[in-house]
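What follows is a short report on a single structure.
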């Protein structure tokens, strides 16, 4: 996709969005096939590159919209950018997806991996670390948690979460706070469980987050950690597309996708993969990091709903490892 680097005029943004979105959606169909995805991957990128090359050499852009400089990203600006990226997606989420689907998916994922969600949460003080819209905070409260403290840096998402909590009786057990996981505003040893669901691989301080999780947990407390491992061909695809779309403002791409009628769940997924920065770590590194910060009794949860990459890898579907590598890494660990 080196051709994108030569498409400096902002008038090419629609072409870049069109190409990147369709390549991403292409993999959803291609990966369903029980055949080697590598030749399909190469062919799809070759065809896309030819399309972009023909657009670039056509001379349709008159140079009326030259590129603008990008500001350096510091830690504070990074967090603001990531939090703002998803806020508008979350507030468009329907109640059935927010409450029922999130609850059922959490239940299915845990139970298929041999964990009882009621036993895991009931009567506990739980931190939902990086709660976003609060949909998992709601599910945890519904499973019987004594108190759920949802932490996130996106105030717009937290406002939506508070409105959602007011709709259900178990919402009274949920408290939302605007806070960074790099510096959790809770005393040491004050909570029974930390739930971190697909968050810290987006931060600028992966290990600092784990250190904070360990600090706030009581001895014997439980950490649920979900991060992405090395992700095979999907990692190569999304990393390439993120490089291709980095010149296009995330909000513009988001509106482009929404205007095409993409539902909120898939819209979030696309934006997450194409714009949210990832720090992929292999399973061995995650286990070592947890050990360094006082976690033991690691239990990897290897199952999920049908659409989860880890479910496809665990089921041994054809070429699943080529497509998804280690897939989602999910652990239950105990604070020693």
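The values are calculated or read from the model by the stated rules, or taken from the named source; none is laboratory data. Predicted, not measured: the structure shown is a model, and the values here were computed from it. Every residue, glycine among them, receives a Cβ derived from its backbone with ideal geometry; neighbour counts consider all protein chains shown.
Could you list, in sequence order, all residues of the range 288-308 that are touching a strand residue (DSSP E or B) at 6+ places or on another chain (Cβ under 6 Å) and either at pLDDT below 95 or assigned to a helix (DSSP H, G or I) (or both)?
Within the range 288-308, just 290 meets the criteria.
Are any residues in the range 131-160 crowded, with 24+ Cβ neighbours inside 10 Å and in a loop (DSSP other than H, G, I, E, B), and if so, which ones?
131, 132, 133, 134, 145
Just to be sure before I move on: is residue 217 within 25 Å of residue 144 (Cβ to Cβ), outside the structural domain of residue 21 (by TED's automatic domain parsing) and within 17 Å of the chain's Cα centre (by Cα) in the structure I sent?
Taking the combined requirement at face value, the residue does not satisfy it.
Could you grab me the full set of residues in the range 249-285 that are within 24 Å of residue 226 (Cα to Cα), assigned to a loop (DSSP other than H, G, I, E, B) and out of contact with any helix residue (DSSP H, G or I) (no Cβ under 9 Å at 6 or more places or on another chain)?
Within the range 249-285, just 282 meets the criteria.
For the structure I just gave you, tell me whether residue 317 is modelled with pLDDT of 95 or more, more than 19 Å from the chain's Cα centre (by Cα), within 18 Å of residue 281 (Cβ to Cβ) and surrounded by fewer than 20 Cβ atoms within 10 Å (Cβ to Cβ).
no
For the range 220-233, how many residues meet the condition of being surrounded by fewer than 18 Cβ atoms within 10 Å (Cβ to Cβ) and at positive phi?
Total meeting the criteria: 1.
Within the range 309-336, restricting attention to residues that are in a loop (DSSP other than H, G, I, E, B) and touching a residue at least 12 places away in the same chain (Cβ under 8 Å), which residue is nearest to residue 101 (Cα to Cα)?
Per the criteria, the residue is 327.
Any chance the range 181-190 includes a residue that's in a loop (DSSP other than H, G, I, E, B), buried (at least 20 other Cβ atoms within 10 Å of the Cβ), within 24 Å of the chain's Cα centre (by Cα) and at pLDDT 95 or above?
Within the range 181-190, one or more residues are in a loop (DSSP other than H, G, I, E, B), buried (at least 20 other Cβ atoms within 10 Å of the Cβ), within 24 Å of the chain's Cα centre (by Cα) and at pLDDT 95 or above.
Looking at 144, 171, 189, 150, can you tell me which residue is within 21 Å of residue 336 (Cα to Cα) and without any contact (Cβ under 8 Å) to a residue 40 or more places away in the chain?
It is 189.
Counting only residues that are more than 22 Å from residue 246 (Cα to Cα) and surrounded by 12 or more Cβ atoms within 10 Å (Cβ to Cβ), which one in the range 12-31 is farthest from the chain's Cα centre (by Cα)?
This residue is 30.
So that you can scan it fast, the table gives a plain yes or no per residue for (1) surrounded by 15 or more Cβ atoms within 10 Å (Cβ to Cβ); (2) in contact (Cβ under 8 Å) with a residue 24 or more places away in the chain:
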| site | (1), (2) |
| --- | --- |
| 218 | no, yes |
| 235 | yes, yes |
| 240 | yes, yes |
| 256 | yes, yes |
| 261 | no, no |
| 280 | yes, yes |
| 293 | yes, yes |
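Restricting to the range 115-137, what's the tally of residues that are more than 26 Å from residue 177 (Cα to Cα) and free of Cβ contacts under 8 Å to residues at least 12 places away in the same chain?
Count: 1.
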